[in-house]
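The values are calculated or read from the model by the stated rules, or taken from the named source; none is laboratory data. Everything numeric in this text was worked out from a predicted model, so none of it was measured. Because the Cβ atoms are built from the backbone with ideal geometry, glycine has one as well, and the counts that use them run over all protein chains shown.
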Amino acid sequence: MSGITREGVITSMQAAAERMGLDLEDLQEMINEVLEDCTDKVQNLKKAISGQDHESVKAIAHDIKGSTANYGLATASAIALQIEQNNETATMEMADSLDHQFEEFSKLGLDKP
């Protein structure tokens, strides 16, 4: 595990919910769908990196950054920001790191109280 704890992520999700005027339970109901969507986007990101499509890299990373920030997934948002800002030099290792974050989040059972 990468030091990410369920409690830490839930605390971040709670803060995100409060910012949006929602209950934590509202975010928890949607989190698995968001994680699946972001995992799919990482696969597209990897294709864009492989194809040196810098504009797509930037756009996909920006989208992931926003989605993850909205749900309080700060570590993933920070990685996506780094990829977005460095879209011309983004590497497969950076995308793999982001992919790994989503795997870790999925293991935490964030959809449960």
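When the range 40-63 is limited to residues that are touching a residue at least 40 places away in the same chain (Cβ under 8 Å) and surrounded by 17 or more Cβ atoms within 10 Å (Cβ to Cβ), the one that is nearest to Ser77 (Cα to Cα) turns out to be Val42. If only residues of the range 55-79 that are part of a helix (DSSP H, G or I) and of a type in the set (Ser, Thr, Tyr) are counted, the one that is farthest from Asp111 (Cα to Cα) is Ser56.
For Asp26, the criteria (1) among the acidic types (Asp, Glu); (2) assigned to a loop (DSSP other than H, G, I, E, B); (3) within 25 Å of Gln14 (Cα to Cα) hold in every case but one, which is (2). None of Gln43, Gln52, Gln82, Gln101 is polar (S, T, N, Q), modelled with pLDDT of 95 or more and not in a helix (DSSP H, G or I) except Gln52.
Residue-wise test of (1) in contact with a strand residue (DSSP E or B) (Cβ under 7 Å, 6 or more places away or on another chain); (2) over 19 Å from Asp99 (Cα atoms); (3) touching a residue at least 12 places away in the same chain (Cβ under 8 Å).
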| site | (1), (2), (3) |
| --- | --- |
| Ile4 | no, no, yes |
| Ala16 | no, yes, yes |
| Arg19 | no, yes, no |
| Glu25 | no, yes, yes |
| Gln28 | no, yes, yes |
| Glu33 | no, no, no |
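Residues of the range 47-82 that are within 12 Å of the chain's Cα centre (by Cα) and hydroxyl-bearing (Ser, Thr, Tyr): Ser67, Thr68, Tyr71, Thr75, Ser77. Within the range 67-88, can one find any residue that is within 30 Å of Lys112 (Cα to Cα), among the charged types (D, E, K, R) and either crowded, with 17+ Cβ neighbours inside 10 Å or without any contact (Cβ under 8 Å) to a residue 12 or more places away in the chain (or both)? The answer is no; no qualifying residue exists.
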